[in-house]
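No lab work stands behind these numbers, since they all come straight from the coordinates. Remember, it's a predicted structure, so these values are computed and weren't measured experimentally. Here the Cβ positions follow ideal geometry from the backbone for every residue, glycine too, while neighbour counts run over all protein chains shown.
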Amino acid sequence: MAESGAAQVDDSFENAKLLAQIASDYKGQETLLLDMREITPIVDYFVITTAAVNRQMNAMAEEADRVMKKRGLRKLGGEGDDAASVWLLRDYGDAVLHVFTPEGRELYDLEGLWADARRVEFDATPQADA
């Protein structure tokens, strides 16, 4: 039973790294991967990034949906798909992607709100296809 728990954590970490990679590939700025496991029971990882324009936000979200679906995960929830949104969210269970406009990121300040979360390094080398 412990092995399946470890496998789930490994999967959630791999999913979060993949979301961070997508943000990087789509030119997200100041992308952070936060380990939330010791902070809250509702999610393992947050990926937070900034997009210059809504079109970039939507492109990241669409790619995240495509890649996660390919991995057998469907989004459990999403917010901010309208053209005027300053914050777009994709919830894949253990990993959540937050894409902000610069103004939205400053306004909501998730990294300040969750300042106790450990920041995790990830490889931002562009990938061919996930």
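In whole percent, what relative contact order does the stretch 2-119 give with Cα contacts below 8 Å and a gap of six or more residues?
Values: 191 pairs, mean separation 31.3, N = 118.
This gives 26 percent for the stretch 2-119.
Given that just one value was derived from the coordinates, which of (1) -0.23, -0.34, -1.17; (2) -0.33, -0.50, -1.39; (3) -0.35, -0.49, -1.19 is log10 I(q)/I(0) by the Debye sum over Cα atoms at q = 0.09, 0.11, 0.20 Å⁻¹?
Looking at log10 I(q)/I(0) by the Debye sum over Cα atoms at q = 0.09, 0.11, 0.20 Å⁻¹ for this model, the match is (1).
Taking a label point 7 Å from the Cα of residue 55 along the Cα→Cβ vector, which residues of the stretch 95-126 have an amide N closer than 18 Å to it?
Within reach of a label on residue 55, which here means backbone N under 18 Å from a point 7 Å along Cα→Cβ, the stretch 95-126 contributes 100-102.
According to a simple spin-label model (label point 7 Å from Cα along Cα-to-Cβ), what is the distance in nm between residue 10 and residue 83?
4.6 nm
Run the dipole for the stretch 1-119 about the Cα centre, Lys and Arg Cβ at +1, Asp and Glu Cβ at -1, nothing else charged, and hand back the magnitude in debye, nearest 20.
Details: 14 positive and 22 negative charges, 82 e Å.
Value, rounded to 20: 400 debye.
The stretch 1-109: which trypsin sites (Lys or Arg not before Pro) are DSSP loop and have at most 14 other beta-carbon atoms within 10 angstrom? Present the calculation step by step, with values, prior to reporting the outcome.
Working: sites: 17, 27, 37, 55, 66, 69, 70, 71, 74, 75, 90, 105; in loops: 27, 37, 71, 74, 75.
When the trypsin sites (Lys or Arg not before Pro) of the stretch 1-109 are filtered for loop state and at most 14 Cβ neighbours within 10 Å, 27, 71, 74 remain.
Just subtract the alpha-carbon distance of residue 74 and residue 62 from 0.36 nm times their residue separation and send over the number in nm, one decimal. Don't skip to the end; give the middle numbers.
On the way: separation 12, 0.36 × 12 = 4.32 nm, distance 1.19 nm.
The residue 74-residue 62 span can extend by a further 3.1 nm.
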